[in-house]
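Everything below concerns the one structure shown next.
The values are calculated or read from the model by the stated rules, or taken from the named source; none is laboratory data. What you are looking at is a predicted structure, and each value in this text was computed from that prediction instead of being measured. Note that each Cβ is placed from the backbone with ideal geometry, even for glycine, and that neighbours are counted across all protein chains shown.
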Amino acid sequence: MATLPTSCELCPRRCGADRAAGERGVCGAGSELRIARAALHEWEEPPISVGAGSGAVFFSNCPLRCIYCQNAQIACGDHGTDVSEERLTDIFFELAAQGAANINLVTPGHYLPQIAVAVAAARARGFDLPFVFNTSSYERAEVLRAYRDCADVYLADFKYWMSPASDAGARYSHARDYFDVATRALDAMVELAGPPRFDRFEGEDRLIGGVVVRHLLLPGRLDESKKVMSFLWHRYGDAVLYSVMNQYTPLRVFPEAPELDAPVPASDYERLLDALDAMGMPDYFWQEGGAAKESFVPAFDSTGVLPREGA
Ligand code: SF4
């Protein structure tokens, strides 16, 4: 059984919550391991959502809590079901039996002590799917290193340009330090996971090691997105894969940030892709038009979290 921190410093908030005693931190997590959904997921990048899909485990709560979060129901709410570490191990095997290409740990950072126990138990039982660490990149590099066994692939956001030139991290995620923290975290991920590596799964290329860096274009932030992508390309080159997304979805009104009330114009996305071509990026994942739909948000109804009756 995992030992939980009595003064939590798992994430850069370092809020000091006594998780062992059940105190909830800034992220909303206490002593229980809470999961909102465990199911096949088809909408990750192609070498992640291979075959029947990625075996996505959506963890409840989140240290970053972006105001525009697509998954706000679980990130900022309390949706989900508490499970044991043993149950999480069983979930990995159930997803594998459904044909999952990997186990996609979505926002796992605040539950790493419990996840590490579940991953180790699965591997001891011969589990051989890759683990994908799906993160906002608002992570402590030291913590990523300590829990390196929980990740074969990092699927890592890089959200904002640096402060104070950009106010996005502070305004949208209450994280003025996002750029610096995410850069250190990404450096660690590249060191830990190494270059992209593939095998064949169900007749398709599957990513089994390495880092995919994702950037989501936000309304009114085209110039900052160009700077972010240029920075990433010059720092990491072809040591990582890149994914540029246009799936921003305004799911509510934002009195505190009215510029977020509208979708991103298609022309802005095209201009960002043109900028990537101009900087010499030979390949990257991009999204077809019309990705910004509410239907891309999965149901966080505890699907797959509890054992099926009779199982
Ligand atoms: S993971 Fe949660 S409890 Fe731990 S430091 Fe971060 S916000 Fe606080």
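Assorted remarks:
- Taking the listed residues Tyr138, Tyr68, Tyr147, the one that is at pLDDT below 95 and under 20 Å from Val213 (Cα atoms) is Tyr68, with no other qualifying.
- Qualifying positions in segment 28-45 - more than 18 Å from Asp301 (Cβ to Cβ) and either at pLDDT below 95 or under 15 Å from the mean Cα position of the chain (by Cα) (or both): Glu44, Glu45
- Those residues of segment 143-158 which are in contact with a helix residue (DSSP H, G or I) (Cβ under 6 Å, 6 or more places away or on another chain) and in contact (Cβ under 8 Å) with a residue 60 or more places away in the chain, in sequence order: Phe158
- Among (1) surrounded by fewer than 23 Cβ atoms within 10 Å (Cβ to Cβ); (2) farther than 22 Å from Asn104 by Cα; (3) among the small types (Gly, Ala, Ser) - the single one Ala188 does not satisfy: (2)
- Only one of the listed residues (Ser225, Ser243, Ser166, Ser230) is of a type in the set (S, T, N, Q), touching a residue at least 12 places away in the same chain (Cβ under 8 Å) and under 20 Å from Phe133 (Cβ atoms). That residue is Ser243.
- Candidate set from segment 17-30 (those that are touching a Ser or Thr at 6+ places or on another chain (Cβ under 8 Å), among the hydrophobic types (A, V, I, L, M, F, W, C) and surrounded by 18 or more Cβ atoms within 10 Å (Cβ to Cβ)); member that is farthest from Met245 (Cα to Cα): Ala17
- Screening segment 184-297 for strands (runs of 3 or more DSSP E) wholly inside it with 2 or more residues that are of a type in the set (D, E, K, R) returns the ranges 197-201, 204-216.
- Members of segment 65-95 that are over 20 Å from the mean Cα position of the chain (by Cα) and hydrophobic (A, V, I, L, M, F, W, C): Val83, Phe93
- For segment 31-60, residues that are within 16 Å of the ligand (Cβ to nearest atom) and surrounded by fewer than 21 Cβ atoms within 10 Å (Cβ to Cβ) total 2.
- Scan segment 66-80 for residues that are touching a Gly at 6+ places or on another chain (Cβ under 8 Å) and outside any helix (DSSP H, G or I) and the total you get is 2.
- Applying a threshold of 8 Å to beta carbon distances and a minimum spacing of six or more residues, or different chains, the list of pairs starting in segment 83-99 at a residue that is more than 25 Å from Gly30 (Cβ to Cβ) and ending at one that is surrounded by 17 or more Cβ atoms within 10 Å (Cβ to Cβ) and modelled with pLDDT under 95 reads Glu94/Gly304; Leu95/Gly304.
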